[in-house]
Amino acid sequence: MRSRSGGSTEPQGRRPRRITAGRIGLYAFLLTAALFFLLPLWIMLVTSLKPMEEIRLGNIVALPAALTFEAWGKAWSSACTGLACDGISVGFWNSVRILVPSVILSIALGAVNGYALSLWRIRGANLLFGILLMGAFIPYQVFLYPLVRIFSAVGVYNSLSCIVIVHAIFGLPTMTLLFRNYYAGIPADLFKAARVDGGGFWTIFLRVILPMSTPMLVVATILQVTGIWNDFILGLTFAGRENLPMTVQLNNIVHSTQGERAYNVDMAATMLAALVPLAVYFVSGRWFVRGIAAGAVKG
Amino acid sequence: MTAVSVRDVSIAFGMLRVFDGLSLDIEEGEFVVLLGPSGCGKSTLLNAIAGLLDVSAGQIWIDGRNVTWDEPKDRGIAMVFQSYALYPRMSVRENMSFGLRMARTPKAEIDRRVTQAADLLQITHLLDRRPDQLSGGQRQRVAIGRALVRDAGVFLFDEPLSNLDAKLRNELRVEIKRLHARLGKATMIYVTHDQVEAMTLADRIVVMKEQKVQQIGSPAEIYGRPSNLFVAGFIGSPQMNFVRGRLEAEGNRLAFAAGRHRLPLDAYAFSDRPEPGREVVLGVRPEHVEPGASGVWPGFTIDIVEPMGADTVVWCSDGTETIQVRTSGTRRVAPGEGLSLGLDAAQVSLFAADTGERL
Ligand SMILES: Nc1ncnc2c1ncn2[C@@H]1O[C@H](COP(=O)(O)OP(=O)(O)OP(=O)(O)O)[C@@H](O)[C@H]1O
Ligand SMILES: [Mg+2]
């Protein structure tokens, strides 16, 4: 055997071609798909920035000739939802008040549940988990009426706490599944070491397990924020008139207009309602992918 | 005084019974190695002693107390795991002090113990790093350090070196031995399937197979007087040679006979003198076979020569039996050479062919 030193050795043969027909086809497909999904967003955006006279002309994809933010202002603070004309801002703050405690509560419950089920090997843990999973597959419309009855009997029906509890309950199966599978991938030795070191149920969770859970916490937050923000029927059913979330108010704005339909206001209101999930995706897309990948590889 | 006493312990995983009435006494300050092939129940036994696994029957005593139902932290034990099991989000210092902080030890005392343990293991310069910034050997040192600061009377090691490369393994092995000597009264229970670790570290070895204790004894006993065929074959590398044959009477003396080979057994220490005619297996270690011209078993030819540096292993055969012989590394031997083998009855082991028990 001879070992070469110095001098460069060229690879033999022709370089493979970078651009092939298959590549072009692939990019064409991706581009079309992207356009297809972006088109509605585009139409909404330009429509919301046009005055009504321009919309009546019917050229829905064209850029606005006279750019105006009037529709956005109206949608936010003075559009009429039924009798009141305070815009969608009320709903926005309602949604925030529902969202924050619901997200925190459902993730906290799911994480503790997943931790208990995967690491403490509680008697009957698998059965419990099976039942919980079944809960995830039953359509939740089935639960609506019984839950309404239960909450009215207890006296919390139609309140902020009512809708928060409901979101926590419906989030439980998915959150538990997510965290249980993530924690199942944590080496058992780590948990044993913490027990020998004298950690109890809560200390091990808070000081050892939770600090390792960042990727799953991010994924869970994204799922819950978008899920709860977009919810319509639970908010309508359980939140009560005072706390109706943004989605319900958006629906009221779109359907309660007298006379001419203010498309630009409707579009602006819709965009406002979609802002939070959109922001979450933009900010956390990277984390989301990383969290799912981490869960997949380690779990 | 006994430091750890396992009394009639049974352990079951659901329907699967792993141990059935196992007993084991370990003296204070002793270094005991649990040795056996994968799946024989070493970790299970260790976890039961640590309190990480409930026993279904029997008792566990540590330091004169019945701790069968005590939490791991209350048993006065410390444990080191194969996978290091360091807390990934804590610095080395926080890892080592976690147990003490849980026990609400005063800060000054924590600092003193951590510094002392870090000194002993030469990891002082690593104290502020996180586990993912350490090499495998450093991680295992930290894991040992975390056990040390607990000031426990009993240390449990579950294959602590098997994730390390050969060189590091040797280094840390010596270090663990030094640690044991230095700590004086600390009892250590060490699980491994590496016989070199077992032989070099142990005061006593517990050889296990299929959830049963096969033999308990000092390394010399285990090596020199294995109590059955399994232990004889499991310990020693290259492996002990086994030759099947039968016991024959010569007057009132006994001899081993296999084909045309014979070996008078006057010098053999029978534990219970068997009757002639019995089917037996003769076991002899490669270094106890003397190759030469004047041996008692003639007619062998050299098959393969394996030089290992310090010594050379010679495989020789007479057509029916293949025997490994260990000779000095400086001796010149070549395949094809004929030789005869010298055996000393005082150094061989005899096992019953049917039960595998030592005679
Ligand atoms: N959680 C469990 N559930 C069911 N069976 C188990 C469980 N843990 C261990 N076992 C069984 O108990 C037996 C002993 O396992 P153990 O882990 O103690 O072996 P080991 O001697 O430590 O092996 P290794 O050298 O591979 O670590 C094995 O047959 C194993 O299949
Ligand atoms: Mg094991």
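Report the charge-dipole magnitude of region B:241-352 in Debye, nearest 20, computed about the Cα centre from +1 at each Lys and Arg Cβ and -1 at each Asp and Glu Cβ. Present the calculation step by step, with values, prior to reporting the outcome.
Working: 11 positive and 15 negative charges, 11 e Å.
The calculated dipole for region B:241-352 is roughly 60 debye.
Determine the dipole magnitude for the protein assembly as shown: charges of +1 sit on the beta-carbon of Lys and Arg, -1 on that of Asp and Glu, nothing else is charged, the reference point is the Cα centre, and the result goes in debye to the nearest 20. Each step should come with its number before you reach the end.
Numbers: 65 positive and 56 negative charges, 377 e Å.
Rounded to the nearest 20 debye, it is 1800 debye.
Once you compute Rg and the Kirkwood Rh from C-alpha atoms, what is the Rg to Rh ratio for chain B? Present the calculation step by step, with values, prior to reporting the outcome.
Details: Rg = 24.6 Å, Rh = 23.0 Å.
In chain B, Rg relative to Rh is 1.07.
About the Cα centre, and with charges only on the beta carbon of Lys, Arg (+1) and Asp, Glu (-1), how big is the dipole of region A:89-294? Nearest 20 debye, please.
Working: 12 positive and 6 negative charges, 118 e Å.
Computed charge dipole of region A:89-294: roughly 560 debye.
Let me know the mean shielding of B:63-75 by other chains, meaning the per-residue number of their Cβ atoms within 10 Å of its Cβ.
2
I need A:80, A:85, A:162 ordered by Cβ neighbour count within 10 Å, fewest first. Numbers along the way, then the final one.
Details: A:80 17, A:85 13, A:162 23.
Sorted ascending by nearby Cβ count, the order is A:85, A:80, A:162.
Please compute the volume of the convex hull spanned by the alpha-carbon atoms of region B:207-313 and report it per residue in Å³.
Values: hull volume 16.5 nm³, N = 107.
Dividing the Cα hull volume of region B:207-313 by its residue count gives 154 Å³.
Among A:101, A:16, A:51, which one shows the highest mean-square fluctuation when chain A is modelled as a Gaussian network with alpha-carbon springs under 10 Å?
Most flexible of the set in this elastic network: A:16.
Output wanted: per-residue J couplings in Hz (rounded whole) for region A:234-239, from phi through Karplus 6.51 cos²θ - 1.76 cosθ + 1.60, θ = phi - 60°, x for Gly and Pro.
These are the phi-based 3J(HN,Hα) values: 5, x, 4, 7, 10, 6 Hz.
So what J values fall out for region B:168-179 if you push phi through Karplus, 6.51 cos²θ - 1.76 cosθ + 1.60 with θ = phi - 60°, rounded to Hz, Gly and Pro as x?
Ordered by residue, 3J(HN,Hα) equals 4, 4, 4, 4, 5, 4, 4, 5, 5, 5, 4, 4 Hz.
For region B:68-173, which chymotrypsin sites (Phe, Trp or Tyr not before Pro) are both in a DSSP coil and crowded by at most 15 other Cβ atoms within 10 Å?
Details: sites: B:69, B:81, B:84, B:98, B:155, B:157; in loops: B:69, B:81, B:84.
Passing sites in region B:68-173 are B:69.
Using every Cα-Cα pair within the protein assembly as shown, state what percent have a distance larger than 31 Å. Let's see the in-between values first.
On the way: 150990 of 216153 pairs.
Tail of P(r) above 31 Å: 70 percent of Cα pairs.
Which shape class applies to chain A: rounded if a/c is under 1.5, otherwise prolate when a/b exceeds b/c and oblate if not, where a ≥ b ≥ c are the square roots of the Cα gyration tensor eigenvalues?
On the way: a/c = 2.77, a/b = 1.11, b/c = 2.49.
In terms of gyration-tensor shape, oblate.
Between region B:58-118 and region A:77-147, what is the separation of their alpha carbon centroids in Å?
Value for the Cα centre distance between the two parts: 40 Å.
My understanding is that a pair violates if its Cα-Cα distance is over 23 Å; which of A:50/A:74; B:73/B:167; A:192/B:42; B:42/B:73; B:42/B:177 do that in this structure?
Values: A:50/A:74 13 Å; B:73/B:167 34 Å; A:192/B:42 16 Å; B:42/B:73 21 Å; B:42/B:177 20 Å.
Among A:50/A:74; B:73/B:167; A:192/B:42; B:42/B:73; B:42/B:177, the Cα-Cα distance tops 23 Å for B:73/B:167.
What 222 nm value per residue comes from the helices of the protein assembly as shown, counting each DSSP H run with n ≥ 4 as -39,500 (n - 2.57) and dividing by all residues, nearest 500 deg cm²/dmol? Walk me through the numbers before you get to the answer.
On the way: 20 runs with 288 residues, N = 658.
It comes out at -14000 deg cm²/dmol, rounded to the nearest 500.
Rounded to the nearest 0.05, what FRET efficiency is calculated for residue B:112 and residue A:184 with R0 set to 45 Å and r the Cβ-Cβ distance? List each step's numbers first, then the result.
Working: r = 39 Å, r/R0 = 0.86.
After rounding, the FRET efficiency stands at 0.70.
For peptide B:83-90, what's the mean number of Cβ atoms from other chains within 10 Å of each residue's Cβ? Before the final figure, lay out each step's value.
Details: counts 5, 4, 9, 3, 11, 5, 8, 3.
What the average comes to for B:83-90 is 6.
Rounded, prolate or oblate: pick one for region B:1-83, where a ≥ b ≥ c are the square roots of the eigenvalues of its C-alpha gyration tensor, a/c under 1.5 means rounded, and failing that, prolate if a/b is larger than b/c, else oblate. Could the numbers behind the result be given before it?
Details: a/c = 1.42, a/b = 1.22, b/c = 1.17.
Rounded shape, in that the Cα axes give a/c under 1.5.
Sort A:37, B:19 so the one with the fewest other Cβ atoms within 10 Å of its own Cβ comes first.
Values: A:37 9, B:19 23.
The fewest-first ordering by Cβ neighbours comes to A:37, B:19.
Rounded, prolate or oblate: which one fits region A:21-68, using the alpha carbon gyration tensor with axes a ≥ b ≥ c (rounded when a/c is under 1.5, else prolate when a/b beats b/c, else oblate)?
Values: a/c = 4.10, a/b = 3.67, b/c = 1.12.
The shape class here is prolate.
When A:44, A:134 are ordered from fewest to most other Cβ atoms inside 10 Å of their Cβ, what list results?
Working: A:44 19, A:134 10.
Exposure proxy ranking, most exposed first: A:134, A:44.
DSSP loop (so not H, G, I, E, B), at most 13 other Cβ within 10 Å: list which trypsin sites (Lys or Arg not before Pro) in region A:108-213 pass both filters. Before the final figure, lay out the partial values.
On the way: sites: A:121, A:123, A:149, A:180, A:192, A:195, A:207; in loops: A:121, A:123.
Taking region A:108-213 and a limit of 13 other Cβ atoms within 10 Å, the loop trypsin sites (Lys or Arg not before Pro) found are A:121, A:123.
Using DSSP to call loops (not H, G, I, E or B), can you name the trypsin sites (Lys or Arg not before Pro) in region A:12-97 whose Cβ has at most 10 other Cβ atoms within 10 angstrom? Intermediate results must be reported in sequence, preceding the final value.
Values: sites: A:14, A:17, A:18, A:23, A:56, A:74, A:97; in loops: A:14, A:17, A:18.
The qualifying sites are A:14, A:17, A:18.
What residues have an amide H closer than 5 Å to that of residue B:265, excluding those fewer than 5 places away on the same chain, when H is modeled at 1.01 Å from N in the peptide plane?
Excluding prolines and chain starts, which carry no amide H, the hits are B:254, B:255, B:256.
For chain A, just give the cysteines left without a disulfide-compatible partner, judged by no other Cys Cβ under 4.7 Å.
A:162
From the phi of every residue in region A:54-59, what ³J(HN,Hα) in whole Hz does the Karplus formula 6.51 cos²θ - 1.76 cosθ + 1.60 yield, where θ is phi - 60° and glycine or proline is x?
In residue order, the calculated couplings are 5, 5, 4, 5, x, 8 Hz.
A short reminder: the numbers here are calculations on the coordinates, not readings from a lab. Since the structure is predicted, the reported quantities are computational estimates derived from the model, not experimental observations. Every residue, glycine among them, receives a Cβ derived from its backbone with ideal geometry; neighbour counts consider all protein chains shown.
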